Amino acid sequence: MFKQLHVRLTVFFTLVTGSIFLLLTGICLLFAQKSMLQSSHASFLTELNAAVLYLQEQDDISHQWLSQIQRGDKFKLYLYDNNVPLAYQSYHLSDEESQLVNDVIAQARDDYDMDIFVPSYQRISSHTEFTYRTADGREYEASAGFIPNENGYLSFIVLSSHAGLQHQLLLLRLLVIAADLCAILLLAVFAWHFTGRLLTPLSENQKKQTHFIAAASHELRTPLSVLLSGLESVSKTDSAEQREHFIDLMTTEGHRMQHLIDDMLLLANADSKSLPLHLAPQQPDELLLHVYEAFESLARQRGIAMTVSLPEELLPDCSCDKERITQVFSILMDNALCYTPSDGKVSLSLMYQPHLFTFRFSDTGCGVPDEEKETIFDRFYRSDISHTDKNHFGLGLCIAKEIVSAHGGRLWVEDHAGGGACFVITLPEHETIH
């Protein structure tokens, strides 16, 4: 499911952002083309006006000036003195070029009402500009006009090829298309990695949720089976003693199932950020001593030595929920006593740094392998797979970490110097809790 969603999100993101990018680059390309056309037209008009001004002021036209003003196809000037082509022009004009000029003259006359071979009574110079396209698609900027003089009229045709401009426009379009393709490819790669990272926590959460449901179902199956079996046995037996035995068994399993459900509800509240906390100033050393005294008798019964180390100076208050923090300490103590063999040792300590309390619960048990130091806080995870104590569901450490996180603290495990494991809790001082 997530793979298909990954592909769909990548395609959707690429299409949307790619379309916006194409639209923006298309608009920019239109403006760039328009600017280049305007610049080319302005350049053509500048050269045209300079040539017309020269022709108006000069009585004689030199071959040198004609050669200088005409630069390939960029600017071509064709002159007619009283309807007769200049000798220079006739000598250099090819048949193809002559046909081109005649076609331009015809279009100026037919489409723009500009006949450069005008009657003699018109004494005002005039010219018109237009775009001329040949049959094979070549495009020219054209101007047709005439200039009256003492001897009659000097008619002219000016042509400027758009071949260079069209080549520049083609290169610009190809460059924009190549840039668009590269950009879309980069967008697709970015979208693939971005959506992948976006979906990774969702995929992991779904896997954890599926595992949580499966594990919870497995843990609930046993007490439910015992309850159903006990009910069936109670209904069939006539012995008061057996009936009482099955009722006690069902009561035990019912309490066990209730405990498991309470743990799962606590984790559900933690997931929804609605874990209820009743914060109040508490003395951290008193919290640790309370747990020490509660488990000292049990440790003695199992042959495990317990020690507690507290700072000598007076400590500031720690803002916390006393019942919840006591629950965390109890989970860690129960865990330490379960995994510490007889003749082992469990140590409790408290240290204070400015605005921070550090609690340590150390044991001399089997310890926690490095590869399990993170996973032991997962739900329904047991560090010792062979551990089958029915009072442990694999939720204790997970609950402890959620409670500590809700207090703004941290919980982690590290190796104990004397062998075994050391669980470390940090909690903020009273003033830093908001």
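The values are calculated or read from the model by the stated rules, or taken from the named source; none is laboratory data. It should be emphasised that the depicted structure is a prediction, and the values quoted were computed from it without experimental measurement. Counting neighbours? That spans all protein chains shown, and the Cβs are built from the backbone with ideal geometry, glycine included. Surface areas here come from the heavy atoms of the whole protein model, side chains and all, with no ligands, DNA or RNA. Shrake-Rupley method; radii C 1.70, N 1.55, O 1.52, S 1.80 Å.
The table for this structure:
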| quantity | calculated |
| --- | --- |
| Unique residue being within 42 Å of the chain's Cα centre (by Cα) and without any contact (Cβ under 8 Å) to a residue 24 or more places away in the chain when the list is Asp262, Asp321 | Asp262 |
| Sole residue being among the aliphatic types (A, V, I, L, M), over 23 Å from Val7 (Cβ atoms) and assigned to a helix (DSSP H, G or I), chosen from Ile147, Ile213 | Ile213 |
| Residue in region 301-319 that is among the small types (Gly, Ala, Ser), open to solvent by 30 Å² or more (accessible area, probe 1.4 Å) and either farther than 20 Å from Arg360 by Cβ or at pLDDT below 80 (or both) present | yes |
| Options Leu24, Leu15, Leu66: the member that is open to solvent by less than 40 Å² (accessible area, probe 1.4 Å) and in a helix (DSSP H, G or I) | Leu66 |
| Selection from region 290-313 of residues that are of a type in the set (Gly, Ala, Ser) and under 23 Å from Tyr352 (Cβ atoms) | Ala294, Ser309 |
| Residue in region 322-329 that is out of contact with any Pro (no Cβ under 6 Å at 6 or more places or on another chain) and outside any helix (DSSP H, G or I) present | no |
| Residues (open to solvent by less than 80 Å² (accessible area, probe 1.4 Å), more than 31 Å from the chain's Cα centre (by Cα) and without any contact (Cβ under 8 Å) to a residue 24 or more places away in the chain) located in region 27-54 | Ser35, Ser39, Ala42, Ser43, Ala50, Tyr54 |
| Candidate set: region 126-153, residues that are under 60 Å from the mean Cα position of the chain (by Cα), surrounded by fewer than 17 Cβ atoms within 10 Å (Cβ to Cβ) and among the hydroxyl-bearing types (Ser, Thr, Tyr); chosen: the one farthest from Asp115 (Cα to Cα) | Thr134 |
| Some residue of region 369-379 being outside any strand (DSSP E or B), touching a Cys at 6+ places or on another chain (Cβ under 8 Å), under 24 Å from Ile261 (Cα atoms) and open to solvent by 40 Å² or more (accessible area, probe 1.4 Å) | yes |
| Condition met for Leu277 (at pLDDT below 90, touching a helix residue (DSSP H, G or I) at 6+ places or on another chain (Cβ under 9 Å), on the phi < 0 side of the Ramachandran plot and open to solvent by less than 60 Å² (accessible area, probe 1.4 Å)) | yes |
| Subset of region 27-64 [in contact with a Leu (Cβ under 8 Å, 6 or more places away or on another chain) and small (Gly, Ala, Ser)] | Ala32, Ser40, Ala51 |
| Filter result (assigned to a helix (DSSP H, G or I) and either under 25 Å from Lys401 (Cβ atoms) or in contact (Cβ under 8 Å) with a residue 40 or more places away in the chain (or both)) within region 299-318 | Ala299 |
| Answer from Asp334, Asp321 - the residue that is under 28 Å from Ile213 (Cβ atoms) and among the charged types (D, E, K, R) | Asp334 |
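Residues are listed down the side, and each one gets a yes or a no for (1) at pLDDT below 90; (2) out of contact with any Asp or Glu (no Cβ under 9 Å at 6 or more places or on another chain); (3) part of a loop (DSSP other than H, G, I, E, B); (4) farther than 22 Å from His41 by Cα:
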site	(1), (2), (3), (4)
Val104	no, yes, no, no
Ala108	no, no, no, no
Pro119	yes, yes, yes, yes
Thr128	no, no, no, no
Ala142	no, no, no, no
